[in-house]
Amino acid sequence: MVNKQIKSKQRVANHGEVFTNEREVKAMCDLVADECDRIDSRFLEPACGDGNFLAEVLKRKLNRVKQLYKTNTYDYERYSVLAISSIYGVDILKDNAAECRARLFAIWNKEYQKVCKKSCSNETRQAVKYILSQNILCGNALTMMQVDENQQDTDTPIIFPEWSLFMGTKLKRRDFRLDVLLKANTKPEENKEISLLDDDKYLSRNPVTGEKMADPIKIYPAVHYKKIMEAQ
Ligand SMILES: C[S@@+](CC[C@H](N)C(=O)[O-])C[C@H]1O[C@@H](n2cnc3c(N)ncnc32)[C@H](O)[C@@H]1O
């Protein structure tokens, strides 16, 4: 959405949907400029709307990829895939999540075409669309559950994949529950607020520091990033 902060009064009343202006988005991203420039630093926007913040972060990451790899399409492609795979979002409204995915894909694809020209591959485009389908979810960031068409919680928790490049062109995928990730990063006295789990399932302790760590709920075999949708 360009320069329009509100879709309807109803949506503002029901969901507090007021989009952030570009100027404020850029100013806030400037506060974490180093992280935005790091290709694989992970960003999660828990009420992402149509992706104002995620779009800006992606543009900055892709600028960095271009600075480093614009003369080598092989490297540009795999690092641009890594950049987009590090961006995560949740919105309770299905249309917002869909618009966010489409917007991030368009940003990525425009740069991809500019840099890789004739070496662009539709297989890579499909892989990026698949990654976005897993990273930008329709869910309730307060209960940390996925929601249905009527914004009601389903029985499925919000689950995000962690993607990491491995042996040059392979992507490793490990899935984590969002509630567990937050629990692992929350002080014990704050745990009551987000205690969705009966016990510490999917949590373990770092053997060195003793701190709680989230355990993946699923680990996939590493596959070439172009074939990522086949790693089930
Ligand atoms: C104030 S808007 C901000 C959108 C975007 N972050 C931006 O700055 O442009 C709040 C967004 O949160 C979404 N939202 C409201 N309640 C939510 C919830 N419980 N879980 C996830 N998203 C929610 C709304 O649909 C809306 O898109």
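The values are calculated or read from the model by the stated rules, or taken from the named source; none is laboratory data. This is a predicted model, so every value here is computed, not measured. As a convention, Cβ positions derive from the backbone with ideal geometry for all residues, glycine included, and neighbour counts pool all protein chains shown.
Looking at TYR74, TYR88, TYR79, TYR112, which is the one that is within 12 Å of the chain's Cα centre (by Cα), among the aromatic types (Phe, Trp, Tyr) and on the phi < 0 side of the Ramachandran plot?
Details: TYR74 fails: within 12 Å of the chain's Cα centre (by Cα); TYR79 fails: within 12 Å of the chain's Cα centre (by Cα); TYR112 fails: within 12 Å of the chain's Cα centre (by Cα).
So the residue among TYR74, TYR88, TYR79, TYR112 that is within 12 Å of the chain's Cα centre (by Cα), among the aromatic types (Phe, Trp, Tyr) and on the phi < 0 side of the Ramachandran plot is TYR88.
Report yes if LYS226 is farther than 26 Å from GLU45 by Cβ, modelled with pLDDT of 95 or more and surrounded by 14 or more Cβ atoms within 10 Å (Cβ to Cβ), otherwise no. Even if it seems obvious, please write down each step before you answer.
Values: farther than 26 Å from GLU45 by Cβ: yes; modelled with pLDDT of 95 or more: yes; surrounded by 14 or more Cβ atoms within 10 Å (Cβ to Cβ): yes.
When the stated conditions are applied, LYS226 passes them.
From the list TYR88, TYR74, TYR79, TYR69, exactly one residue is among the aromatic types (Phe, Trp, Tyr) and surrounded by fewer than 18 Cβ atoms within 10 Å (Cβ to Cβ). Which is it? Quick ask: steps written out before the conclusion?
Values: TYR88 fails: surrounded by fewer than 18 Cβ atoms within 10 Å (Cβ to Cβ); TYR79 fails: surrounded by fewer than 18 Cβ atoms within 10 Å (Cβ to Cβ); TYR69 fails: surrounded by fewer than 18 Cβ atoms within 10 Å (Cβ to Cβ).
Only one candidate passes the filter, namely TYR74.
Since LEU62 meets every condition but one in (1) farther than 29 Å from SER121 by Cβ; (2) away from the ligand (no atom under 16 Å from the Cβ); (3) not basic (Lys, Arg), which condition does it not meet?
Answer for LEU62: the failing condition is (1).
Can you find a residue that is away from the ligand (no atom under 16 Å from the Cβ), farther than 21 Å from PRO161 by Cβ and without any contact (Cβ under 8 Å) to a residue 24 or more places away in the chain anywhere in region 32-40? Break it down stepwise before answering.
We begin by selecting, within region 32-40, every residue away from the ligand (no atom under 16 Å from the Cβ); these are 33-35, 37-40.
Still in the list and also farther than 21 Å from PRO161 by Cβ: 33-34, 37.
Still in the running and without any contact (Cβ under 8 Å) to a residue 24 or more places away in the chain: 34.
The answer is yes, given that some residue of region 32-40 is away from the ligand (no atom under 16 Å from the Cβ), farther than 21 Å from PRO161 by Cβ and without any contact (Cβ under 8 Å) to a residue 24 or more places away in the chain.
Return the residues of region 13-31 that are within 15 Å of the ligand (Cβ to nearest atom) and part of a helix (DSSP H, G or I); say none if nothing qualifies.
First, the residues of region 13-31 that are within 15 Å of the ligand (Cβ to nearest atom): 13-29, 31.
Across region 13-31, the qualifying residues are ALA13, ASN14, HIS15, GLU22, ARG23, GLU24, VAL25, LYS26, ALA27, MET28, CYS29, LEU31.
Could you please tell me which pairs satisfy a Cβ distance under 7 Å, a separation of 6+ or placement on different chains, a first residue in region 72-95 that is closer than 30 Å to SER8 by Cα, and a second residue that is within 16 Å of the ligand (Cβ to nearest atom) and among the aromatic types (Phe, Trp, Tyr)?
ILE87/PHE43; TYR88/PHE43; TYR88/PHE160
Of the conditions (1) crowded, with 20+ Cβ neighbours inside 10 Å; (2) among the β-branched types (Val, Ile, Thr); (3) not in a helix (DSSP H, G or I), THR154 fails just one. Which one is it?
(1)
Which residue out of LEU197, LEU182 is at pLDDT below 95, more than 16 Å from the ligand (Cβ to nearest atom) and either within 17 Å of the chain's Cα centre (by Cα) or surrounded by 15 or more Cβ atoms within 10 Å (Cβ to Cβ) (or both)? I'd like the intermediate steps shown before the answer.
Working: LEU182 fails: more than 16 Å from the ligand (Cβ to nearest atom).
One residue alone meets the criteria, LEU197.
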